[in-house]
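Taking it in order: structure first as structure tokens, then the write-up.
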Amino acid sequence: MVAEVMDSIAGRKSEPTSVDTGRFLNSIGLNSDMTNEFTAIVKSDLNYAAFLEKGTSRMSARHHFENSLDRKKRKILRDIKEAVK
């Protein structure tokens, strides 16, 4: 998922590119507070990440996280089912 979100931010997916300085792109990672082996939280610690994701009154939403999850959801569920077996 991290790579999928980073590809989205870098403009290698259908969402608009969100790279100016590279700070947002380089801030993407996994939350170290994973609650169990089947939980991972992909995030950015930057205060403006939510504005890029959801948009503002002056900027359209880019949905890097949401769209990346939609693209990977089937594979994630398949991997979890396989691991549970």
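Here, each number is a calculation from the coordinates, and none is a lab measurement. Given the structure is predicted, the values throughout are model-derived calculations rather than measurements. Here Cβ is always computed from backbone atoms with ideal geometry, including for glycine, and neighbour counts include all displayed protein chains.
Sub-6 Å Cβ pairs linking a first residue in the stretch 65-85 that is closer than 17 Å to ILE28 by Cα and in contact (Cβ under 8 Å) with a residue 12 or more places away in the chain to a second residue that is among the charged types (D, E, K, R) and surrounded by 10 or more Cβ atoms within 10 Å (Cβ to Cβ), at least 6 apart or interchain, are PHE65/GLU53; ASN67/GLU15; SER68/GLU4; LYS72/GLU4, ordered by first then second residue.
When restricted to residues that are surrounded by fewer than 12 Cβ atoms within 10 Å (Cβ to Cβ) and closer than 15 Å to MET1 by Cα, the stretch 40-79 contains 6.
A count restricted to the stretch 1-39 and to residues that are in contact with a Lys or Arg (Cβ under 9 Å, 6 or more places away or on another chain), part of a helix (DSSP H, G or I) and surrounded by fewer than 17 Cβ atoms within 10 Å (Cβ to Cβ) stands at 1.
If I filter the stretch 2-19 for residues that are touching a strand residue (DSSP E or B) at 6+ places or on another chain (Cβ under 6 Å) and free of Cβ contacts under 8 Å to residues at least 60 places away in the same chain, do I get at least one hit? Looking through the stretch 2-19, at least one residue is touching a strand residue (DSSP E or B) at 6+ places or on another chain (Cβ under 6 Å) and free of Cβ contacts under 8 Å to residues at least 60 places away in the same chain.
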